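Okay, so here's the structure we're looking at.
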Amino acid sequence: MRNLLILSCSLLFLNVSAQDHFSGINMSRRVGILNAGINPAELANIDSKYEINVFAVSMNAANNKVGFSDIIHSDNIEDLIFSGDEPVNMRVDAELYGPGFAMKWKEWAFGLTTKAYAKLNLVDIDSKLGEAINTGALGSVLGGSTTISNNENQRMNGTTWGEVGLTASRNLFENEKHKFNAGVTFKLLFPGSYANFGADKFQGTISSFAGQAYLNDTNANLNIAYSGNLADSFTNFDDYSQSFFGKLNGVAGDIGFNYRWKDIDNYKVNAGMSIRNIGSMTFKDSNNSSSNYLLEIPAGDQGINLNQFQDVDNLQQVEQVLQDSGYLTSTKSNKDFKVKLPTVFSLYADVKVVSRFFVSVYTQQKLGDDNKDDQVTTQNTFSVTPRFSLKNYDIYSSWASNEISGVTGGFGFRAYGFYLGSSSILTALTSDTKQADAYIGYRVGLK
């Protein structure tokens, strides 16, 4: 378990990685497949008759504890992440677009996309519990013991999956001044690998005996689930990158609407709303397991020596240590299990301020509950992006307020079909930001 926690902290900084993927470029006036990623209705505004997406990669990371200066001046990031009393929240994820194609046909537009996702999350982890598992001792805790009372579901979760999307968008109404579109995306899901450790309603005490930490006088509801590569090793990042696409075993959908107040140069206002990732996927594999347990350690017992988790690197080993302790009672077990996608509601507007200068506003609100064991997580965000825009070029700066990492600011550009950007590079260089991200991609439009 110590290795699991260290990996989670380390991955935060091994990847130059924000939760609003492709922030800034996904609302460019040069409409294409990326715009349809936040709203399928946008595809009816596509600039060219045909578009080919060659590749696009976005890497994202955010946390609520460790800032940019901490990374530079500290060798022990895992110690910093579990410092203080505030619960630890962290999101690390990647979104990769593979080959994709879109085309116009009369009032319609159609698209075919391929995507892959990898996510690693810590949700509401108690800092003292994390510190004790990480070090095997009480560390900064005074008095020989500490009591933990956390009514949230503390989760450590990793998920990979692939997706093939089929988008249809139609212009519903258009005149000289106004245009309305609607669109849907139907997604075929290919679950890759999964691991989840959840400790709900955790009430317990960590005590020190002979310099080692013991968990005692404890009650908690646990969920331990795993499938695919992440069942065998949660600490090897290659297991994420090698298990994006499994077998077809899930469906999901997006729906959106778009409005344009037109002018001679394109539009004065482009606005839209969408609900994305409505659906779930079922994990099936030879090593599948999903079990709910009741952890009960009576008062007066010495309890579980947390040093036993020092060399553990997968959830099967964690499960075995807990079972061997004699304090674990199984309440439910399934071979196959279903996991919900991170459903979000998005609302945005891109406004022409003066010729070639635009400001876009975007908000994303999650509709799922991150504390649910069967839920892939995301975070709420609000962003403002001023942009200087020409036909073949965009220069923009995205500024966001994120649920976990707070305020971030970045910079990006587009030259013809190539784009590169980050929504946190400016705050990383000028302040103690708790987020890092970058994206890059290339696409081709054909008239």
What's the extension gain from Val351 to Val384 if we count 0.36 nm per residue and subtract their Cα-Cα distance?
10.8 nm
In cubic angstrom per residue, the convex hull of the chain built on its Cα atoms measures 125 Å³
Mind checking which of Val31, Leu420, Leu295 is farthest towards the positive end of the chain's charge dipole, using Cβ charges of +1 (Lys, Arg) and -1 (Asp, Glu) about the Cα centre?
Val31
Whole-angstrom gap from the stretch 164-230 to the stretch 102-137, using each part's C-alpha centre
7 Å
Additional length obtainable on full extension of the chain from Lys391 to Asp301, 0.36 nm per residue less Cα span:
25.3 nm
Over the stretch 206-353, what is the mean sequence separation of C-alpha contacts under 8 Å (at least six apart), divided by residue count, expressed as relative contact order in percent?
36 percent
Pairs of alpha-carbon atoms within less than 8 angstrom and 6+ residues apart define the contacts here; what relative contact order does the stretch 100-189 have, in percent?
33 percent
Given Lys115/Lys391; Lys201/Lys284; Lys106/Lys268; Lys179/Lys434; Lys262/Lys447, which pairs have Cα atoms separated by over 32 Å?
Lys179/Lys434
Find how much the distance from Thr331 to Asn287 grows on full extension, using 0.36 nm per residue of separation minus their present alpha carbon separation; answer in nm with one decimal.
13.9 nm
To the nearest 20 Debye, how big is the dipole of the chain about its Cα centre, given +1 on the beta carbon of each Lys and Arg and -1 on that of each Asp and Glu?
2580 debye
Using alpha-carbon positions, the gyration tensor of the stretch 343-398 gives root eigenvalues a ≥ b ≥ c; with a/c under 1.5 called rounded, otherwise prolate if a/b exceeds b/c, else oblate, the class is prolate
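Each reported figure results from applying straightforward, stated rules to the coordinates on display, with no laboratory input. If you're wondering where the values come from, they're calculated on a predicted model, not measured in any experiment. Please note: Cβ atoms are built from the backbone with ideal geometry, for glycine as well, and neighbour counts cover all protein chains shown.
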